[in-house]
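Here's the structure, in structure tokens; my notes come after.
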Amino acid sequence: MQKIKTALLSYGMSGKVFHAPFLDLHPGFELLGSWERSKKLIQEDYPTVKSYPSIDELLADDVDLVIVNTPVGTHFEYAKKVLLAGKHAVVEKAFTTTVAEAEELAQIAKEKGLKLAVFQNRRWDSDFKTIQKVINDGVLGDLVEAEFHFDRYNPILSPKAHKETVNDGAGILKDLGPHLIDQAVCLFGSPKSVFSDIRYTRENSVVDDWIDLLLIYEDFRVRLKAGFFVREAHPAYTIHGKKGSFLKQRGDVQEDELKIGKKPNRDSWGTELDGFEGLLHTEIDGKPIREKIKTLQGNYFEYFDGVYNAIVNNKPEPVTAQDGVKVMQVIEAAIESNVQKKIIDLQ
């Protein structure tokens, strides 16, 4: 099996939790190492890999693919450098800080014949895969409205300066927002227009930490919400159609298990605990049905399978650069809507 030689641009939480375990275990990848500016940690977990002192030395190595998992405000600069060096790239969310940056990266990748993917791993969460199947099965009828939440209770400011200081990549809109927006666009396509309310709710916060976005489609509406003052969570997904409703709380276990050092696998990985099943209340063939729906297995391995097939077999990326552009279009519209206090049409 052809090996894709892969390096990370950071070995913080993202590199340690979401990327390195899969790159190390997936037979199609060879983890070469990570750029580490000060702390040298990757060799504690993977003794045979390299700790690169600079991005230039990393790019000078025999690297095929680079994971751009640095702070959001640096994504454009580093991803552009990676692509111009002739390397494929996976870029963390938010893809960039502006639509123009996202479009420029997409154009560079196209001109150079390189693969450029956005790391929107939440498409492979167990809860999202389940609601996607329910919608695709058509058991709800024509959709009327949907509401997605990514809520937490965490009033304390993050110790990471790039998350809590005013910069183009900071704030919940570009942190949790891309997960919600990407899932909506994945399911329903780009909206016609956007209306938003963006707030600062934590004491001493200088970056947005509460969002309420309304995505306006031709025949239905999608509301996206995220905040840090939710002790008792709403259902993460609520979908209402003309035949029925489906409610599903957030239950994916992958992030929590990765954080405590569990190693992913192909069989049981991403299996939700009992009690998190979604509730389907609808009508099928004239018969009312109200029942719990078994949650599908989630597995981020499928994302890396997609990256592998994109590079080796010239298939489309699992989340394309154009997908990233669409998310940034919604984010920019949301920012403008909040400032102008009006609905913003997408071009």
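The values are calculated or read from the model by the stated rules, or taken from the named source; none is laboratory data. Not measured: the values here are computed from a predicted model. Using ideal geometry, Cβ is built from the backbone for each residue, glycine included, and neighbour counts are taken over all protein chains shown. Please note that ligands, DNA and RNA were not included when accessible areas were found on the heavy atoms of the full protein model with its side chains. Shrake-Rupley method; radii C 1.70, N 1.55, O 1.52, S 1.80 Å.
General remarks:
- All of (1) in contact with a Lys or Arg (Cβ under 9 Å, 6 or more places away or on another chain); (2) at pLDDT below 95; (3) not acidic (Asp, Glu) hold for residue 167 with one exception: (1).
- When the residues of segment 220-233 are filtered to those that are part of a loop (DSSP other than H, G, I, E, B) and in contact with a strand residue (DSSP E or B) (Cβ under 8 Å, 6 or more places away or on another chain), the one that is surrounded by the fewest Cβ atoms within 10 Å (Cβ to Cβ) is 231.
- For residue 144: the one exception among (1) crowded, with 17+ Cβ neighbours inside 10 Å; (2) touching a residue at least 60 places away in the same chain (Cβ under 8 Å); (3) over 19 Å from the mean Cα position of the chain (by Cα); (4) not in a loop (DSSP other than H, G, I, E, B): (1)
- Scanning segment 234-290 for residues that are under 22 Å from the mean Cα position of the chain (by Cα), of a type outside the set (Ser, Thr, Tyr) and in a strand (DSSP E or B) turns up 239, 247, 248, 278.
- Test: residue in segment 150-162 that is in contact with a helix residue (DSSP H, G or I) (Cβ under 9 Å, 6 or more places away or on another chain), crowded, with 19+ Cβ neighbours inside 10 Å and not hydrophobic (A, V, I, L, M, F, W, C): no
- Cβ pairs under 9 Å, 6+ apart, first in segment 112-124 and under 12 Å from residue 182 (Cβ atoms), second basic (Lys, Arg) and at pLDDT 95 or above: 118/93; 119/93; 120/93; 121/93; 122/93; 123/129
- A single entry from 266, 231 fulfils the requirement of being of a type in the set (Lys, Arg) and modelled with pLDDT under 95: 266.
- Wholly within segment 1-79, strands (runs of 3 or more DSSP E) carrying at least 3 residues that are farther than 24 Å from residue 175 by Cβ and either modelled with pLDDT of 95 or more or open to solvent by 40 Å² or more (accessible area, probe 1.4 Å) (or both): 4-8, 29-35, 50-52
- The set of residues in segment 172-221 being among the β-branched types (Val, Ile, Thr) and more than 18 Å from the chain's Cα centre (by Cα) consists of 194, 198, 201, 206, 207, 216.
- Filter result for residue 16 (more than 21 Å from the chain's Cα centre (by Cα) and of a type outside the set (Asp, Glu)): no
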